[in-house]
């Protein structure tokens with residue numbers, strides 16, 4: 001994607017060492033503005049690789065079983081790879097599933113492509129083939145067209161026939177080669193039979209597609225993103241991340257509970273404001289407050305809360321389908337995305353995550369059982385969700 005910069009570049013350090021790319025909302029998805037596979041966007045409907053859907057179990061909430069809603073689709077091809085590669089992040093819209101296992105899921109789709117050789121590589125391959133042909137002709141060509149150089153004066157010849165004393169005459173090459181060839185053909189036929197049935201069974205994706213269409217996905221408002229390199233200004237260029245007069249909205253609870261919880265609420269506010277990780281997060285985001293996506297393959301996510309620091313720093317487990325590999329950070333969905341995705345929705349039953357970080361397999365492997373066609377496959381990757389802090393009024397004792 002092309003990088004877009006504002007007219008305020010003088011406010012930012014041109015020597016910033018950040019390797020992170022940021023995604024911002026560009027335009028709403030509409031009849032006139034439709035995303036392509038090579039776009040990144042939040043909300044809307046997912047675009048699958050060649051229309052091939054992943055297994056239905058990947059598209060349903062692990063808690064309630066309902067169809068998930070697309071939070072993010074990011075076109076993310078790897079460097080030096082011709083493959084199409086897409087990261088999908090889904091979330092359940094059922095408020096009761098908030099903070100539940102399986103309510104946020106991540107899918108990686110890969111379409112494998114044959115690498116096109118350059119003209120120079122093709123010429124080198126042709127030269128290599130010509131060399132091999134000449135080499136074979138020089139070594140073996142005379143055996144077919146010329147007489148045996150040893151045939152005229154064989155020192156091993158005896159009696160009336162030179163072939164009778166030939167130490168190789170007892171080996172009848174022609175007679176032995178025929179049954180071997182027949183056996184080889186039969187063996188190949190035997191080998192092909194199971195492989196053919198396996199290939200035939202791979203017509204299952206067509207049946208899967210029919211099943212997947214029955215999975216009704218929920219839908220958020222959609223927005224196409226534009227991407228630019230992260231630019232970090234000086235501390236004087238941004239507003240303080242948390243004003244001193246910040247107001248915290250309280251839930252609609254009984255007055256007696258509110259009075260009893262006033263002390264707890266103040267402690268809760270203080271805990272958030274004093275959280276060094278949250279302060280660092282807010283300070284970094286304040287340089288580019290409209291970001292909805294952070295992308296840096298192999299980089300590090302911004303930690304939203306110190307309570308999640310250990311979980312984030314420990315990374316993600318190796319994929320079960322590629323246990324010898326490991327996962328690395330790839331992208332992070334930011335809080336601003338919630339504002340855009342929940343336009344017109346009830347705030348009291350909205351999303352409560354702070355960030356969603358996605359970790360993916362460094363080898364980008366897709367096992368054969370996850371291939372939905374000969375060149376397209378889907379696997380689940382590892383999302384780490386940092387949920388918003390909340391004050392539990394049920395644990396407050398009313399005197």
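Readers should treat all values here as calculations from the given coordinates under stated rules, not as data from a laboratory. Keep in mind that what you see is a predicted model, and the values were worked out from it rather than measured. Because the Cβ atoms are built from the backbone with ideal geometry, glycine has one as well, and the counts that use them run over all protein chains shown.
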(message) Neighbour counts of other C-beta atoms within 10 Å: give me 125, 351 arranged from fewest to most.
(response) 125, 351
(message) At a 10 Å Cβ-Cβ cut-off, how would you order 60, 234, fewest neighbours first?
(response) 234, 60
(request) Write down Rg/Rh for the range 26-102, rounded to two decimals, with Rg from the C-alpha atoms and Rh from the Kirkwood relation over Cα pairs. (result) 1.01
(message) If neighbour count is taken as other Cβ atoms inside 10 Å, put 56, 373 in order from fewest to most.
(response) 56, 373
